[in-house]
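Since every read-out is calculated from the coordinates, none of them should be taken as a lab result. All values reported here derive from a predicted model rather than from experimental measurement. Because the Cβ atoms are built from the backbone with ideal geometry, glycine has one as well, and the counts that use them run over all protein chains shown.
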Amino acid sequence: MPRTINHPALQPLKSKFPEIQFFVGELRDMVTVVVPREHIVPVCTFLRDDPDLRYDMLAELNGVDYLNYPGTEHRFAVNYGLTSVSRNHRLWLKVFLDPTQSTAPKTALRDEEVIEKGDPGLRLDSVCGVWPGAEWMEREVYDMFGIIFIGHPDLRRLLTWNGFGSYPLRKDYPLRGVGEREDFKIVTREGA
């Protein structure tokens, strides 16, 4: 018999956004709400500003690649871990994304080109305007997965270099890399 999921944020979300069909899941007492991509900023703003909820801290933002994962319909997801410090409540939001172009490693593109001409299926509104602390977390997800955050104040790579050309945490990224180690000049102790 299915169990009813109870969480203080569910009923206010349904009341505020009656036109959105939210999907809700629970694992180990952690509730996840799947939010359509186009509604992520209004939903986050509501969860932060509602006086009964006050999700005032974005504790976590990460990406997931579901390539070859059994039973999945979508390729990528972005997870938002929210915390209401004053109420001691936690809530996860999830947005699914599906690429419209090949995700295999390609020739090196500069960040400016990727942001301007990147895959429209991997574009998602930034939540930096809701929680300024999202800035570096969104940059990391962009750098590792290629998710483009629209409206981000400074979207550029954080761990690899501009022009790297691929995204190392995608599951179709080769385990041995795409030649980035071979492109560097070997510096010896004598020649340094």
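So the values come out like this:
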quantity	calculated
Gain upon complete extension [Arg156, Asn6; 0.36 nm per residue less C-alpha separation]	50.1 nm
In degrees, nearest ten, helix 40-49 long axis to first principal axis of the chain (Cα)	50 degrees
Cα centroid separation - region 1-43 against region 58-83, whole Å	16 Å
Summed residue charge, Cβ within 9 Å of Ser126's Cβ, Lys/Arg positive, Asp/Glu negative	-3
Trypsin sites (Lys or Arg not before Pro) within region 128-174, DSSP loop, no more than 15 other Cβ atoms inside 10 Å	Arg156, Lys171
Principal-axis tilt of helix 134-145 within the chain, Cα atoms, nearest 10 degrees	50 degrees
Zone residues, region 117-135, relative to Glu38, backbone N less than 19 Å from point 7 Å out along Cα-to-Cβ	119-127
Estimated 222 nm signal from helices in the chain, with DSSP H stretches of n ≥ 4 weighted -39500 (n - 2.57), rounded to 500	-5500 deg cm²/dmol
Sum of side-chain charges, Asp50 neighbourhood, beta-carbon under 12 Å (Lys, Arg +1; Asp, Glu -1)	+1
Within region 83-183, GluC sites (Glu not before Pro) in DSSP loop having at most 16 other beta-carbon neighbours inside 10 Å	Glu180, Glu182
Per-selection Kirkwood Rh - the chain (Cα, Å, 1 d.p.)	18.3 Å
Proxy reagent accessibility, fewest Cβ within 10 Å first, across Arg123, Arg90	Arg123, Arg90
Relative contact order, percent, the chain [alpha-carbon distance under 8 Å, six or more residues apart]	18 percent
Gaussian network model of the chain, Cα within-10 Å springs - most flexible of Ile115, Ile147, Ile20	Ile20
Computed Rg/Rh of region 68-180, alpha carbon atoms with Kirkwood Rh	0.99
